[in-house]
Amino acid sequence: MQIISKNLYIVSTPIGNLEDITLRALDVLRKSDIILCEDTRQSVKLLNHYKIKKRLISYHKFNEKKQLISIIKYLNEGKILSLISDAGTPLLSDPGRLLVNECIKNNIKVIPIPGVSSVTAAMSVSGFKDQFLFYGFLPKTINELEKVLSRLSENHFAQVFFVPSKKINFYIKHFKKYYSGRKILIAKEITKLYEEFLRGDIDTIKMMKNLPRGEMTIVISDKNIITKVIDKEKIVNKAKKYLEKYSLKDTVNLILATEKINKKKVYDLCLKIKNEKNN
């Protein structure tokens, strides 16, 4: 097995099935002096399963600032510390960023122990293009949610979100509004007994009944970009007409106000016409 140094280890743990843990992760946890847990009651189930008895310290979003000083002190004393979340890879929509940055400032090594993530698990079975954006948990209020989705829906890549199961229908309603024309994968209970992947078109997918507990991972497909054929003659005629009265910049903006086409192509065409006119 590997040599464990006196550093902070970011250890990925199973997202449901306790068998989904790496040998390296188990080795690190067994050799740690202290294990930082998001919820000690949840983490002890995994640790007991593998007969790992270590000192556990609760470390979550409500106490992470308070715990920083003592944790850095333990690390400076030469203790080996591991950070785990309730499930999956720590710091992905989980606490830990403050601690990692504090370790960096104090020249303490932070070492990732890779493993399971619901993000990559869901993407791997989505069938969507593998260029994707991960957002994490979406806002809970309508105003904030609409601001975020309005901005994100302009992006053409596939997108991955976490949502509480009990609010899935709230989010589906807004996905329909902002992601019309795309496909969706709803992953629930990943790696667990009742694992299920629901697929469909966002426009026609139905609201869900009998909602499970916990969280769901949502994947929205990449945006199908339809390339519009430019009516070059029409643009040239407009450009010639507008350039008689307006600047190059204003001419481009006037054309774009009625023609939904690439701005650079319009600019290059207008510039060419203007230069030919001045020669």
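The values are calculated or read from the model by the stated rules, or taken from the named source; none is laboratory data. Remember, predicted model here, so these are calculated numbers, not experimental data. All Cβ positions, glycine included, derive from the backbone under ideal geometry; neighbour counts span all protein chains shown.
Things worth noting here:
- No other residue among SER32, SER43 is at pLDDT 95 or above, in contact with a Cys (Cβ under 9 Å, 6 or more places away or on another chain) and among the polar types (S, T, N, Q) apart from SER43.
- Verdict on GLY127 being under 21 Å from ARG24 (Cβ atoms) and among the small types (Gly, Ala, Ser): no
- Selection from segment 156-182 of residues that are in a helix (DSSP H, G or I) and of a type outside the set (Val, Ile, Thr): SER165, LYS166, LYS167, ASN169, PHE170, TYR171, LYS173, HIS174, PHE175, LYS176, LYS177, TYR178
- Subset tally (residues that are of a type in the set (A, V, I, L, M, F, W, C), touching a strand residue (DSSP E or B) at 6+ places or on another chain (Cβ under 9 Å), free of Cβ contacts under 8 Å to residues at least 40 places away in the same chain and more than 20 Å from GLY16 (Cβ to Cβ)) for segment 172-223: 4
- Hey, VAL252 modelled with pLDDT of 90 or more and surrounded by 13 or more Cβ atoms within 10 Å (Cβ to Cβ) or not: yes
- Condition broken by GLY115, with the remaining ones in (1) at pLDDT below 95; (2) crowded, with 17+ Cβ neighbours inside 10 Å satisfied: (1)
- Number of the exception - SER5 against (1) surrounded by fewer than 17 Cβ atoms within 10 Å (Cβ to Cβ); (2) within 26 Å of LYS188 (Cα to Cα); (3) in contact with a Lys or Arg (Cβ under 9 Å, 6 or more places away or on another chain); (4) touching a residue at least 60 places away in the same chain (Cβ under 8 Å): (2)
- Flag if LEU83 is assigned by TED's automatic domain parsing to the domain that holds ARG41 and assigned to a strand (DSSP E or B): yes
- Looking only at residues of segment 189-220 that are of a type in the set (Lys, Arg) and outside any strand (DSSP E or B), we find that the one that is surrounded by the fewest Cβ atoms within 10 Å (Cβ to Cβ) is LYS209.
- If you go through segment 8-36 and keep only what is among the acidic types (Asp, Glu), more than 27 Å from ASN101 (Cβ to Cβ) and over 22 Å from the mean Cα position of the chain (by Cα), you end up with just GLU19.
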